[in-house]
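This report concerns only the one structure given below.
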Amino acid sequence: MRYGQIAADMGAGVRGLFQRANSTPLEDALEGKQSWIRLALLVLISTYATVASIIVSPDHRVEPWAIAVLGYFACYTPLALGLLYAIRRYPGHYPARRLFSMANDYAGLGFAIIVGCQVMLPMYAIIMWVTVGNGLRFGSRYMIVAAVMAQITLAIITMLTPYWQANPPLVVTLSLTALIVPLYIRTLQRSTEQARRDAEEANAAKSRFLAQASHDLRQPVHAIGLFLNSLTQTGLAPEQRGIADRIDRSLQGVAELFRSLLDISTLDSGAVTPTLEPVAIRQLFRLLEQQNQASAEWAGVDLRFVPSDQVVLADKTLLLTMLQNLVSNAIKYAPRSPVLIGCRRRGAAMSIWVIDRGPGVAAEHLPRLFDEFYQIRKLGGADTQGVGLGLSIVRRLGALMGLAAEIHSRPGYGTAVAIHGLTPTSVAVREIGGDSSYAAPLHDLRVLLVEDDVDVLDATAHLLRSWGAAVTAWSTVPPQAQPCDLIVTDFDIGGGMTGADCIALHRHQMPRPMAIVMTGHDEMAIEEIIADTAVLILKKPVQPAALRSAIAALRRRAAQG
């Protein structure tokens with residue numbers, strides 16, 4: 001049994017040499033680049049052998065040993081071309097292919113040194129290059145294998161070359177160099193890999209902290225926003241309303257910070273996967289206008305949208321996030337100025353521009369504006385809210401969809417930011433009705449509200465009742481289905497239950513009710529869990545206007561069937 005197991009393990013190991021192993025795009029690119037370098041070295045070594053033999057020959061002619069080198073490399077060239085074709089045709093990590101390439105490289109270099117003797121001794125530098133190169137390209141294991149192959153090559157050269165046999169110190173020096181250098185580089189590799197792992201772990205910890213801190217802080221801010229809205233409906237005096245408006249403005253700034261933190265942590269986690277669909281520019285601009293109308297009025301900004309009937313292929317959520325960051329920046333940095341948002345063709349693609357007439361940005365800052373946390377701070381300048389993540393998020397989200405972000409600015413004239421590369425499509429998108437139902441009372445609407453945070457539960461219930469809805473409030477998933485027309489639920493309810501469980505309970509036991517899920521998590525992740533496009537996802541903190549607009553959209557959708 002023992003020998004049978006050993007034989008089975010050996011067989012599995014041999015089969016593994018010829019099977020495709022996991023590799024990164026960088027490794028595939030480096031292996032392809034190595035093949036081109038191999039062909040270049042064949043030309044270089046052949047040229048060197050020819051010229052060197054003519055120089056050292058008394059008759060200034062090509063020596064027989066140089067002809068042998070040329071003949072060997074002429075035979076090796078088709079093999080090198082075949083390896084290049086195999087790498088391009090079948091990319092990936094095939095251990096047998098890499099080992100075969102390495103063995104042939106060392107064989108060719110060893111042959112050249114054996115037949116060329118002292119004249120071809122400089123080829124030892126290429127042996128070192130091949131040894132170190134394989135290790136740096138493909139990792140520590142290949143560094144060890146390459147070092148062993150180099151020692152075997154040097155041993156064979158010594159056995160077949162009288163000159164080397166007559167110079168033991170030379171052989172020892174070359175052999176030790178070919179051994180010590182790769183081992184030292186391997187040590188450095190291990191240190192570098194450990195440092196990289198530590199950095200990745202620290203970055204992951206940062207992302208987890210940002211996500212958790214953002215999620216935990218969203219709850220009280222969300223509750224404050226709802227209570228504040230209810231407060232403004234209690235007949236405040238003008239001075240009191242002014243104070244309430246200022247509090248609301250400050251809360252919007254905090255909410256924007258949370259959105260940036262959650263967006264960047266989600267991007268760092270690698271959990272964002274775009275889903276391309278037809279997106280109507282007109283609908284996109286309408287959403288942007290609704291989301292930014294209040295902040296534009298506060299900043300004295302004349303927000304203008306150029307009407308467009310274009311439809312493009314994009315992930316609607318990601319594209320809306322990109323544009324929201326650009327419009328927010330324009331409102332923030334160009335107060336009391338006009339801001340224009342429009343769409344225009346750029347070759348076969350479409351571009352969306354956000355243009356302001358603000359103070360502009362100096363040329364030396366433009367290359368760094370898309371870096372994370374980069375902000376332009378001037379001594380004595382006015383403070384602005386934000387942490388310098390908006391444009392970085394725009395660039396990273398755009399890269400996921402194959403889009404490019406571009407910025408132009410001139411001090412004293414303003415700034416223009418564009419998103420390029422949107423693919424136009426002729427697919428029709430159903431037009432969403434206007435906002436005529438936004439302000440309609442909710443007297444005929446029965447709402448089931450589920451939220452484990454008591455403050456948020458009370459604030460949301462009070463807000464919905466002020467709109468005329470009949471609200472049944474629960475701090476956990478009800479034990480049985482409750483009669484309702486609309487479910488408004490948090491996602492994390494506690495007790496191992498989620499908003500998805502609440503929606504599933506009611507949709508199994510009663511006619512299909514409308515549903516809204518409010519969450520502090522990433523919307524895309526929640527959408528994947530719920531897997532129901534009829535459920536609207538709102539990211540906390542939710543503005544009362546956004547909640548009212550979502551309810552109106554669901555009612556219009558239900559009315560349209």
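Within the stretch 292-324, the only residue that satisfies the criterion of being over 20 Å from GLU406 (Cβ atoms), open to solvent by less than 30 Å² (accessible area, probe 1.4 Å) and among the polar types (S, T, N, Q) is ASN292.
Residues that are open to solvent by 30 Å² or more (accessible area, probe 1.4 Å) and touching a residue at least 12 places away in the same chain (Cβ under 8 Å) were ranked within the stretch 513-529; the one that is nearest to ALA473 (Cα to Cα) is MET514. May I ask you to verify whether ILE87 is assigned to a helix (DSSP H, G or I) and more than 24 Å from MET128 (Cα to Cα)? It is false that ILE87 is assigned to a helix (DSSP H, G or I) and more than 24 Å from MET128 (Cα to Cα). Select from the stretch 325-344 the residues that are without any contact (Cβ under 8 Å) to a residue 60 or more places away in the chain and farther than 11 Å from LEU303 by Cβ and write down the one among them that is most open to solvent (accessible area, probe 1.4 Å). Looking at residues that are without any contact (Cβ under 8 Å) to a residue 60 or more places away in the chain and farther than 11 Å from LEU303 by Cβ, I get ARG336. What do you reckon, is GLY434 within 29 Å of GLN324 (Cα to Cα) and either open to solvent by 70 Å² or more (accessible area, probe 1.4 Å) or modelled with pLDDT of 75 or more (or both)? In short, no. Against the criterion of being open to solvent by less than 60 Å² (accessible area, probe 1.4 Å) and among the β-branched types (Val, Ile, Thr), ILE185 qualifies. Scanning the stretch 463-482 for residues that are outside any loop (DSSP other than H, G, I, E, B) and buried (at least 18 other Cβ atoms within 10 Å of the Cβ) returns LEU463, LEU464, VAL471, ALA473.
When you check ALA504 against the structure, is it within 30 Å of ASP315 (Cβ to Cβ) and small (Gly, Ala, Ser), yes or no? Yes, satisfied.
Of the set (1) touching a Leu at 6+ places or on another chain (Cβ under 8 Å); (2) over 29 Å from GLN290 (Cβ atoms); (3) at pLDDT 85 or above, all apply to ILE516 but (2).
Of the residues in the stretch 154-163, not one is open to solvent by less than 50 Å² (accessible area, probe 1.4 Å) and within 40 Å of the chain's Cα centre (by Cα). Of all residues in the stretch 38-69, those satisfying the criterion of being under 15 Å from VAL119 (Cβ atoms), within 51 Å of the chain's Cα centre (by Cα) and buried (at least 17 other Cβ atoms within 10 Å of the Cβ) are ILE45, SER46, TYR48, ALA49, VAL69. Residue count for the stretch 354-374, restricted to those that are in contact with a helix residue (DSSP H, G or I) (Cβ under 9 Å, 6 or more places away or on another chain) and either acidic (Asp, Glu) or open to solvent by 30 Å² or more (accessible area, probe 1.4 Å) (or both): 7. From the list SER230, SER250, the lone residue that is touching a His at 6+ places or on another chain (Cβ under 6 Å), assigned to a helix (DSSP H, G or I) and modelled with pLDDT of 70 or more is SER230. If you check GLY381, GLY342, GLY412 for being part of a loop (DSSP other than H, G, I, E, B), at pLDDT 85 or above and over 25 Å from LYS539 (Cα atoms), only one passes: GLY412. Kindly indicate whether GLN240 is modelled with pLDDT under 75 and either under 21 Å from VAL454 (Cβ atoms) or open to solvent by 40 Å² or more (accessible area, probe 1.4 Å) (or both). No: the conditions fail for GLN240. Among residues of the stretch 380-398 that are farther than 11 Å from ASN325 by Cα and among the β-branched types (Val, Ile, Thr), those with a beta-carbon under 7 Å from a residue that is modelled with pLDDT under 80 and outside any helix (DSSP H, G or I) at least six positions away or on a different chain give the pairs VAL387/PHE373. Of the residues making up the stretch 515-561, those that are under 19 Å from ARG218 (Cα atoms), of a type in the set (A, V, I, L, M) and out of contact with any His (no Cβ under 7 Å at 6 or more places or on another chain) number 12. Here is a check on your reading of the model: is ARG395 at negative phi, open to solvent by 60 Å² or more (accessible area, probe 1.4 Å) and at pLDDT 85 or above? It is true that ARG395 is at negative phi, open to solvent by 60 Å² or more (accessible area, probe 1.4 Å) and at pLDDT 85 or above. For the stretch 483-540, filtering for residues that are at positive phi and not in a strand (DSSP E or B) leaves 3. Taken as a whole, the structure leaves MET102 outside the set of residues that are in a helix (DSSP H, G or I) and free of Cβ contacts under 8 Å to residues at least 24 places away in the same chain.
The values are calculated or read from the model by the stated rules, or taken from the named source; none is laboratory data. Model, not experiment: these values are computed from the prediction. Positions of Cβ are generated from backbone atoms using ideal geometry, with glycine treated the same way; all protein chains shown enter the neighbour counts. Calculation scope for accessible area: heavy atoms of the full protein, side chains included, ligands and nucleic acids excluded. Shrake-Rupley method; radii C 1.70, N 1.55, O 1.52, S 1.80 Å.
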